[in-house]
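**Q** Handing you a structure now.
The values are calculated or read from the model by the stated rules, or taken from the named source; none is laboratory data. All figures in this text were calculated on a predicted structure; none of them were measured in a lab. Cβ sites come from the backbone with ideal geometry, for glycine too, and all protein chains shown count toward neighbours. Protein only, heavy atoms only, side chains kept; ligands, DNA and RNA dropped before computing areas. Shrake-Rupley method; radii C 1.70, N 1.55, O 1.52, S 1.80 Å.
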Amino acid sequence: MALNSILGHSLATITGWSTRFASPVLLAFMGLTVLAGWYTATHLAVDTDTTAMIDEDVPFRQSYNRYVAAFPDLRGAILAVVEAETPELALKRAGELAAALADEVTAIESVQYPAGLPYFTEHGLLFLSVEQLDRLADQLAEAQPMVAALAAAPDITGIARLYNDLVTAVEQDMAPPESLDMLSPLSTALSDTMQSEMAGDPGYLPWSSVFQMENGIGVSGPPYREVLTIYPVLDRQQLLPAARALKTIRETAQRLDFDNDTIIDQASIGLTGGPVLAQEEMETVIIGAGRAGIISFVLVSLILGFGLRSITMIAAILTTLVSGLVLTAGAAALTVGTLNLISVAFAVLFVGLAVDFGIHFALRYREALALISDKRRALVHAAGQYGVGIPLLLCTLCTLVGFLAFMPTSYLGLAELGIISALGMVVAGLCSFTLLPALLAILPKPRQPQSRSLDLLRGSFMDRHARPISLLGLLLFIASLVASVAIEFDVNPLNLRDPNSASVNVFKQLTEQPLTTPYRAQLLADNAGDERRLRQAFAQSPEIGSIISLNDFIPREQDDKLDRLFDLGFIIGPTLSALPPEWQVPAADDSADALAVLLQALERAPTLNASLLQLKTSIEQFREQYADDPAALARINRLVGVFLHQFLNQLRTGINSTGASIDDLPPALVRDWRTADGRLRLDVLPATPITSNADMARFAEAVLRIAPDATGTPIIITGASDAVANAFIEATGITIVGILILLLLIQRKPRDVMLTLLPLILAATITIAVAVLIEQPFNFANVIALPLLFALGVCSSIHMVWRQRQVQHSGPESLETAMSVEQTATPKAITLSALTTVASFGSLAISPHPGTASMGLLLMIAIGATLLTTLVFLPAFMAVFRRRKRSIGQVAP
């Protein structure tokens, strides 16, 4: 007992010194708190990058660093998704946005929009397959009269001339009546365009659909989307580094009338990507943390008021809590400097543990006051060998071991939380023996509690039913252990974000198509030969779809395709030469006359199919509604003619292509796909959309089997999951061994050590089993529940076991009058501590951030399990041990 005597005397001395010089101690803490608050506000930052939470020496981090040293990191880009009703409008609006953002150099580093480059206009037809070109040639040859009429007048006038000429040919038996069916796609599209204009919701006529054009590369739909990759200028000194860039993008989009349903060029824009997701996540975390902070402080205060019924003790505990929290934040700013999405929860941990320390000290102080009238002597007794000082010190050391156990692991996110929380435990321990006694020494004495008759009843109940309760605990452990094997770990950080946020919805839309999915692997090929080898290997894997590299921007089979373009040019080239260089709105009178001619042609047609009849009705309604209104005629011409002119002009440019080589590629595109030393970037796409963690793991494994140095979101996520799992196994082993050594050193008796650990093990299995039953998987945020369960669970057990020892070895100097631990204030302290912790953590469960909410829910379960095992099963276990010793004729030591 020499070590315990030394520790008890030391703690009593520190507390006695603090109470003797209470005023200077309070002034010193006040000054340190103000200084720590200032330093925290000016130096503590938050990093939302989940990748940075894993040690850089882990293989997947090394692969990632090698890749981003050569090419921009797609995970650091903002993805702007432009959506419109037609592919032509989506391309147009995306190009306008890209051009506008290119001038915002203070907020935007670069904008990548390959589909808007002139290169793809000039050589777009070469990206069609040979079969697609053959079909296009047949379609255009058949539609040559249509092309001729529209090229001469790309507006309502040309359309009217086309219909009139074809009907006349049918009337003169120069064409069969069935030839009018060729106009069905145009008739349907033109009718829909007129109807949308009359309904006040105008939309452009989709000419690519009319001509049934196929896309080699570019837009897909419906809906028709274009994706811009925007690299922002990040301000790492700010809590929201991408805020300025996002504000610039949104202001630019507003200036260009995006998301404006009142204009003809209506298109929507959605933003996603790493910086956007991180900012929205941080905003929800801040909102949730602020709300939780207020709610938890109110609830903790109410619980303390109801449980302690002493303004003196409540004021002292809360003051100590606030000061300790600010000091811990200052220590975090000084040592770590940056919080991550896990270590940001250090405040919750501190509140849960520091309140525990304060409650135990304050209640033991009040117990001593019942027998010692002098406040200073009562405070010294509460901190000394026969008080709560040694259990509090042991709790501090055990939680230090639990938190610091993650330091040797690769999981830096939790290692940093461990460092900060360990500092917090040191601060909480110091405050419990200095600031808290100083406050209690100055404040009036607390009132004494009422009779403990209920405690006596509970103690006798536990003694009478110890064996059945212990057996129930064993059965509960076995059942929980069986259920625990089904626990899952959700590796996808996207599931930690608000599922209703705009950025998450846009991200999920992109994952629906393999060509746009962010769930892709990326790697470096040393040269063209290495690329060919990788392509051949990837082609054998069913999980892997397309491979994109710089060579994919150079059309294949160009000789065959150029021959077909030459033939196509011979057929429609002279026709397209009549196309005006610029599109202009025709005169209102000409447009009115054209509609009249078009209507007359339809009336003269010998037969009208459904689409022609629909067009005839739409023209009649349009003329009736607008008569010869020049503005309406100009609008309908614009809806019809703008993209018709663009389409025919691109067709003319495309058939005149003379071929493309790597030297023709835009320099910006080359920089994005080839390094200066000749290494090539390869993007590996999944064969099917990734919709689950299992899909992601299979895809990542398939890629890594062929290219172990590959990176990309699926590989990073699965690699981080493995690193976290290994870190928990390693840290759990360190924690168990470390706590076991500490308990043996201070408690010294194997029986006491076993009694301390049994409730902890039972609480852990119950927590995991309940998580399985409510289908709450572990994730990168809520895994904090496990180290906290170790910390709080071992503390509760330590207090119960240590107090039972003090009761059994009571003497005049111990001031113990109880017959068992159930008759002391210790169960009440444990209960109040658990309730305040549940209130603090439970407030997180209503956070709008799913990760934070799951953390709060799991922490509530963990603390509830700890309370159950400590106050129900632990007393039963201790009673069984006492009975066993009596049955063999031994006196409990």
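**Q** Of the conditions (1) touching a helix residue (DSSP H, G or I) at 6+ places or on another chain (Cβ under 6 Å); (2) open to solvent by 20 Å² or more (accessible area, probe 1.4 Å); (3) within 21 Å of residue 328 (Cα to Cα), residue 55 fails just one. Which one is it?
**A** Looking at each condition in turn, residue 55 falls short on (3).
**Q** Taking the condition surrounded by fewer than 19 Cβ atoms within 10 Å (Cβ to Cβ) and modelled with pLDDT of 90 or more, does residue 100 pass?
**A** yes
**Q** In the range 239-274, what residues are in contact (Cβ under 8 Å) with a residue 24 or more places away in the chain, within 28 Å of residue 45 (Cβ to Cβ) and either surrounded by fewer than 17 Cβ atoms within 10 Å (Cβ to Cβ) or in contact with a Pro (Cβ under 6 Å, 6 or more places away or on another chain) (or both)?
**A** Those that are in contact (Cβ under 8 Å) with a residue 24 or more places away in the chain, within 28 Å of residue 45 (Cβ to Cβ) and either surrounded by fewer than 17 Cβ atoms within 10 Å (Cβ to Cβ) or in contact with a Pro (Cβ under 6 Å, 6 or more places away or on another chain) (or both): 239, 242, 245, 247.
**Q** Criterion first (among the charged types (D, E, K, R) and within 30 Å of residue 336 (Cα to Cα)) does residue 367 satisfy it?
**A** So residue 367 does not fit the description; no.
**Q** Could you please give the count of residues in the range 286-308 that are of a type in the set (A, V, I, L, M) and touching a Pro at 6+ places or on another chain (Cβ under 9 Å)?
**A** 2
**Q** Please count how many residues of the range 68-85 are modelled with pLDDT of 85 or more and under 23 Å from the mean Cα position of the chain (by Cα).
**A** So the answer is 7.
**Q** Just give me the residues in the range 500-512 being touching a helix residue (DSSP H, G or I) at 6+ places or on another chain (Cβ under 7 Å) and either part of a helix (DSSP H, G or I) or open to solvent by 60 Å² or more (accessible area, probe 1.4 Å) (or both), in sequence order.
**A** 503, 504, 507, listed by residue number.
**Q** Just give me the residues in the range 395-416 being open to solvent by 50 Å² or more (accessible area, probe 1.4 Å) and of a type in the set (A, V, I, L, M), in sequence order.
**A** 397, 404, 407, 412
**Q** Moving on to the next point. Name the residue, out of 534, 524, that is crowded, with 17+ Cβ neighbours inside 10 Å, touching a strand residue (DSSP E or B) at 6+ places or on another chain (Cβ under 8 Å), under 18 Å from residue 672 (Cβ atoms) and hydrophobic (A, V, I, L, M, F, W, C).
**A** After ruling out the rest, the residue left standing is 524.
**Q** Moving on to the next point. So is residue 69 among the hydrophobic types (A, V, I, L, M, F, W, C), surrounded by fewer than 19 Cβ atoms within 10 Å (Cβ to Cβ) and outside any strand (DSSP E or B) or not?
**A** It is true that residue 69 is among the hydrophobic types (A, V, I, L, M, F, W, C), surrounded by fewer than 19 Cβ atoms within 10 Å (Cβ to Cβ) and outside any strand (DSSP E or B).
**Q** Separate question: Hey, does the range 338-359 have a residue that's open to solvent by less than 20 Å² (accessible area, probe 1.4 Å), in contact with a helix residue (DSSP H, G or I) (Cβ under 7 Å, 6 or more places away or on another chain) and farther than 25 Å from residue 844 by Cβ?
**A** no
**Q** Here's a follow-up. Which residues, counting only those in the range 477-494, are open to solvent by 20 Å² or more (accessible area, probe 1.4 Å), touching a Leu at 6+ places or on another chain (Cβ under 9 Å) and not small (Gly, Ala, Ser)?
**A** Correct list: 477, 490.
**Q** Considering each residue of the range 702-730, count those that are closer than 16 Å to residue 534 by Cβ, open to solvent by 30 Å² or more (accessible area, probe 1.4 Å) and either assigned to a helix (DSSP H, G or I) or aliphatic (A, V, I, L, M) (or both), and give that number.
**A** Qualifying residue count for the region: 3.
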